[in-house]
Amino acid sequence: MNLIFLSLFLSATFSFAHSIHYIEDIPLRPQSVGHESLYEMEGEITEEFLKKTPLEIVKVGSDSEYILRQRAIEVDLENLKKKKVQEFISDMFITMKIAGGVGLAAPQVGRGTRIFVMKHDKRDITVINPTIIYDEASGKKRSFEGCLSFPRWRNKVVSRYKKVHLEFYNRTGKQETNVYTGFQAVVVQHEYDHLEGILMTDY
Ligand SMILES: [Zn+2]
C-alpha cells in the first residue's frame, strides 16, 4: 500500500516538475506576436455582474459585433445640450466602472458615435470627436491589453506609441488638447481604435 502511494507521489512530483520546466521554456516577452498568441484570463467579472451595467456591452462573437467593426460618426456638438446625450455619457462612465475598465468607447455599447470615456489621474475624461497625432519619435512599447468587448477579458500583447497628442471636445463642448504618455497613451490609442472599427486583435 505504501509502495503504491509512494509511486503515485513520485509520478505526481515528476509531472509537476516537468510542467514547471515547460513553463520556463516559454519566453516571458514574446518577440513576435500574431493572432494565435492570445491569452485568456479568467476574470472575476462574471456575465451576471456585467448585466447590471446601465448599458449593455457589445461582445465580439455576438449578433451586434458588426457595430465594433464600423467607423463611428462625428457627434453634432449641439446635441451635447440634450439631457439624453448627457445621461448617455454618464451611463458610459458607470458602465466602465462597474465592468472594471479604464476606458470605454461608444461602439462598445452599441452606439456608432465618436465618443469614448476614460479615467486619467482619478479624473473622468470624456473624449468627443477626437483627432489623434501619434508621436512617432517617441517609439513604441509592447504591453498587455484587455478589452471589455471580449469574453472574459481576453488579453493581447500590442505595440503602441509611447506618446500621443489628442485634440477633442469634452462633454460641455469645450475643446481640449492633451499629451498622453505611458499607460494612458495605450488607453487613448486602444479607445481611439474602437472609433475606427479596429480591435486589439487586429495587431
Ligand atoms: Zn476595447
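Any read-out appearing in this document is the output of simple, stated calculations on the displayed coordinates, not a laboratory observation. Note that this is a predicted model, so its numbers are computed, not measured. Virtual Cβ from ideal backbone geometry, glycine too; neighbours counted across all protein chains shown.
For region 89-98, what does the Karplus curve 6.51 cos²θ - 1.76 cosθ + 1.60, with θ = phi - 60°, yield as ³J(HN,Hα) per residue in whole Hz, taken in order and with x for Gly and Pro?
With coefficients 6.51, -1.76 and 1.60, one gets 4, 4, 5, 5, 5, 4, 4, 4, 5, 5 Hz.
On a 32 Å Cα-Cα criterion, which of the cross-link pairs K81/K140; K122/K162; K52/K163 come out too long? Write out the running numbers ahead of the final one.
Values: K81/K140 39 Å; K122/K162 21 Å; K52/K163 35 Å.
The answer is K81/K140; K52/K163.
Please go through region 156-192 and write out the trypsin sites (Lys or Arg not before Pro) that DSSP classes as loop and that have at most 14 other C-beta atoms within 10 Å. Before the final figure, lay out the partial values.
Numbers: sites: K156, R160, K162, K163, R171, K174; in loops: K162, R171, K174.
Here the sparse-neighbourhood loop sites are K174.
Residue by residue through region 174-182, what is 3J(HN,Hα) from phi via Karplus (6.51 cos²θ - 1.76 cosθ + 1.60, θ = phi - 60°)? Round to whole Hz and write x for glycine and proline.
Once θ is set to phi - 60°, the couplings for region 174-182 become 7, 7, 10, 10, 8, 10, 10, 10, x Hz.
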